[in-house]
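**Student:** Below are the structure tokens for one structure; questions will follow.
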Amino acid sequence: MNISKTTIIIILFILFIFACNEKPKNPVSEYGDALIDSYKKGQQAGETANLDAVKRAIEGYYAANGKYPESLEAAEEFMGAKIDISKYEYDPLTGRVSLKK
């Protein structure tokens, strides 16, 4: 069985074409994705920091009143800054607060 050089070259060329299946990267798209990821991470970090502030406000309310507030609105005066409390779940029986999922 004698395979010619031309046949071998054609086979190698076909294998090369199918092996190069990776699409070229778009730098603008990659930059945009990186910006979006950074924005989301920053937003999450801000919400986590605000969660700590809300927890401290609940602890402050408890220290001042001897009980947990009935709602997050009742503890707003202890927060020090305006925080969007709609992003948090609160249990007035235990004083536990967490980010809504």
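**Student:** Provide the net charge surrounding ALA75, with neighbours chosen by a C-beta distance below 15 Å and charges set as Lys +1, Arg +1, Asp -1, Glu -1.
**Tutor:** Once positives and negatives cancel, what remains is -3.
**Student:** Distance in nm between label sites at GLU59 and LYS100, each 7 Å beyond Cα in the beta-carbon direction?
**Tutor:** Placing both labels 7 Å beyond Cα along the Cβ direction yields 2.6 nm.
**Student:** Here's something else I'd like to know. Only four residue types carry charge here, +1 at the Cβ of Lys and Arg and -1 at the Cβ of Asp and Glu. Report the dipole size of the range 45-101 about the Cα centre in Debye, rounded to the nearest 20.
**Tutor:** Charge dipole, the range 45-101, about its Cα centre: 160 debye, nearest 20.
**Student:** Would you calculate the convex hull of the Cα atoms in the chain and tell me its volume per residue in Å³? Mind showing how you got there, number by number?
**Tutor:** Values: hull volume 15.9 nm³, N = 101.
Taking the convex hull of the Cα positions in the chain, it is 157 Å³ per residue.
**Student:** Is there a pair in LYS41/LYS87; LYS5/LYS25; LYS41/LYS82; LYS25/LYS101; LYS67/LYS101 whose C-alpha atoms are over 24 Å apart, and which pairs would that be? Don't skip to the end; give the middle numbers.
**Tutor:** Working: LYS41/LYS87 16 Å; LYS5/LYS25 35 Å; LYS41/LYS82 21 Å; LYS25/LYS101 34 Å; LYS67/LYS101 27 Å.
As for pairs spanning more than 24 Å Cα to Cα, those are LYS5/LYS25; LYS25/LYS101; LYS67/LYS101.
**Student:** Next question, about the same structure. I need to check one value: relative contact order of the chain, counting alpha carbon pairs closer than 8 Å and at least 6 residues apart, in percent.
**Tutor:** 20
**Student:** Restricting to DSSP H runs of at least four residues, report the calculated mean residue ellipticity at 222 nm for the chain, -39500 (n - 2.57) per run over all residues, nearest 500 deg cm²/dmol.
**Tutor:** Details: 2 runs with 54 residues, N = 101.
Taking each H run of at least 4 residues, the total per residue is -19000 deg cm²/dmol.
**Student:** Then there's this: Any idea what % of Cα-Cα pairs in the range 45-101 are farther than 12 Å?
**Tutor:** The calculated P(r) of the range 45-101 puts 60 percent of pairs beyond 12 Å.
All of the numbers you see were taken from the coordinates with simple rules; none came from a lab. For clarity, every value in this text was computed on a predicted model and none was experimentally measured. With ideal geometry, Cβ positions are generated from the backbone for all residues, glycine too; neighbour counts draw on all protein chains shown.
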